[in-house]
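Below is one structure, written out as structure tokens; comments come after it.
The values are calculated or read from the model by the stated rules, or taken from the named source; none is laboratory data. Being a predicted model, the structure only gives us computed values, none of them experimental. As a convention, Cβ positions derive from the backbone with ideal geometry for all residues, glycine included, and neighbour counts pool all protein chains shown. We work out accessible area using only protein heavy atoms, side chains counted, and drop any ligands, DNA or RNA first. Shrake-Rupley method; radii C 1.70, N 1.55, O 1.52, S 1.80 Å.
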Amino acid sequence: MPSARGTREAADARPRVTDRPPLRPVVPQPGPTDRFAELLLAVLSGQRPVHAMLRHTAGQAYDELIRLAERGPLRTRGVRPVVRDIGWFEPREGAIEAFARIGAGDRLRAMAFRLEQGRDLRWRCTAVELGGPRAHRADTR
């Protein structure tokens with residue numbers, strides 16, 4: 001006759017069934033840099049009008065966006081540009097300086113922007129710049 005201990009060990013060896021559903025992987029929520037990179041890309045590629053950024057900008061950033069959007073620097077034919085990578089630096093609490101690599105086919109562009117958090121705790125873009133394709137320089141050695 002099995003002992004009480006042997007019965008308990010056998011019960012512990014069986015797989016346990018729980019009433020909880022299986023855990024799903026945690027999907028990180030996009031941060032302000034992700035959201036602003038996508039918004040800026042949509043405006044600078046002509047997918048959205050500049051005024052879509054009006055309440056998301058502060059200071060001279062809106063004027064800079066108007067100037068940049070007129071040139072249509074990220075407009076492409078065929079391949080739609082996408083944000084490939086984002087990096088950021090927090091120089092102080094409530095400020096983020098970010099960059100995004102924008103890809104369209106085999107072309108790669110750089111976009112830099114600064115976000116500042118207002119008293120209402122909303123993030124606003126306060127500066128934006130685009131880097132163009134780099135010119136290849138021949139070695140002069």
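Taking R0 as 25 Å, what FRET efficiency do you get between Arg77 and Ala52 from their Cβ-Cβ distance, rounded to the nearest 0.05? List each step's numbers first, then the result.
On the way: r = 22 Å, r/R0 = 0.90.
My answer for the efficiency is 0.65.
With the crude spin-label approximation of a point 7 Å out along Cα→Cβ, what separation in nm comes out for Arg35 versus Glu93?
2.1 nm
Over segment 41-141, what relative contact order in percent results from Cα pairs under 8 Å that are six or more residues apart?
Numbers: 164 pairs, mean separation 22.9, N = 101.
After rounding, I find 23 percent.
Within segment 87-120, list the residues whose amide N lies under 14 Å from a label point set 7 Å along Cα→Cβ of Ala42.
Flagged as within label range: none.
Just the ratio, please: alpha-carbon radius of gyration of segment 52-127 over 2.2 N^0.38 Å, N its number of residues. Kindly include the intermediate steps, with their values, before the conclusion.
Working: Rg = 13.8 Å, N = 76, 2.2 N^0.38 = 11.4 Å.
After normalising by residue count via 2.2 N^0.38 Å, the value is 1.21.
Solvent-accessible area per residue for segment 31-77 at a 1.4 Å probe radius, Å²?
Numbers: 2570 Å² over 47 residues.
That works out to 55 Å² for each residue.
By how many nm would the segment from Ala112 to Asp85 lengthen if fully extended, with 0.36 nm per residue of separation less the alpha-carbon distance?
Numbers: separation 27, 0.36 × 27 = 9.72 nm, distance 1.18 nm.
Once the chain is fully extended between Ala112 and Asp85, it gains 8.5 nm.
Determine how large the accessible area of Asp106 is when every protein chain is in place; take a 1.4 Å probe and give Å² rounded to the nearest 10.
150 Å²
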